[in-house]
Amino acid sequence: LNGICFDTGCTVATDGHRLAMVKNDNKLENPVIVNRSFVSILTNAKFKKILENDFNIHFQVKTGYISCYSPDGNNITMVTRLIDDDFPDYPQVIPTKNDILATIPKLLQTAKKAAVMSSSDFQGLKLESTKENEITVSLNNKEKGTFEKSISCESTEAISARGFNVNYLIDALC
């Protein structure tokens, strides 16, 4: 499923591979899902120029569709159908407890080194903290070999391993 889910307290987007969430003050009875191209139009520079730098948009949800309009006299209204499908269970995917803090440049540099060992068939990077204040970054590719490096971090306890697509992690850290 590709789309953007407006839910109470947050907005979540996915392209089928990656997932991003931002917390906000949405107040909805039920989550609504829109096609990501609808939001692309709203954030397009030409559309913003039409609104004359007053990017104040209101949304109204009705059965089966969502409309957005500018209440500031621009007479612009856009309407799109809602996606009638289940959105991925994002609370299950995004960890709620995160007691590990690593500096982005250090983690990014290590992930880029590990990416050399990845291939189009295998891009799985493992992050694991087996002891306090250290995280092990590893990638094991049967064809190219193994990468493993420990970097310092701030942690209060060891965590179980977490897997990431190395290229998506690098995208997120850049």
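The values are calculated or read from the model by the stated rules, or taken from the named source; none is laboratory data. Worth saying up front: this structure is predicted, and the values here are computed from it rather than measured. Every residue, glycine as well, gets a Cβ built from its backbone with ideal geometry; the counts of neighbours run over all protein chains shown. SASA here: full protein model, heavy atoms, side chains in, ligands and nucleic acids out. Shrake-Rupley method; radii C 1.70, N 1.55, O 1.52, S 1.80 Å.
General observations
- The listed residue being among the basic types (Lys, Arg) and at pLDDT below 85, out of Lys112, Lys62, Lys49: Lys49
- Glu148 meets the stated requirement of being more than 30 Å from Asn35 (Cα to Cα), at pLDDT 90 or above and acidic (Asp, Glu).
- Options Ser67, Ser138, Ser129, Ser119: the member that is open to solvent by less than 30 Å² (accessible area, probe 1.4 Å) and either in contact (Cβ under 8 Å) with a residue 60 or more places away in the chain or in a loop (DSSP other than H, G, I, E, B) (or both): Ser119
- Residue selected from the range 70-85 under the condition among the polar types (S, T, N, Q) and either at pLDDT below 70 or over 17 Å from Phe6 (Cα atoms) (or both), by the criterion least open to solvent (accessible area, probe 1.4 Å): Ser70
- The residues of the range 86-103 that are over 20 Å from Lys23 (Cβ atoms) and at pLDDT 85 or above amount to a single one, Asp86.
- Meets criteria (open to solvent by 60 Å² or more (accessible area, probe 1.4 Å) and of a type in the set (Phe, Trp, Tyr)) for Phe164: yes
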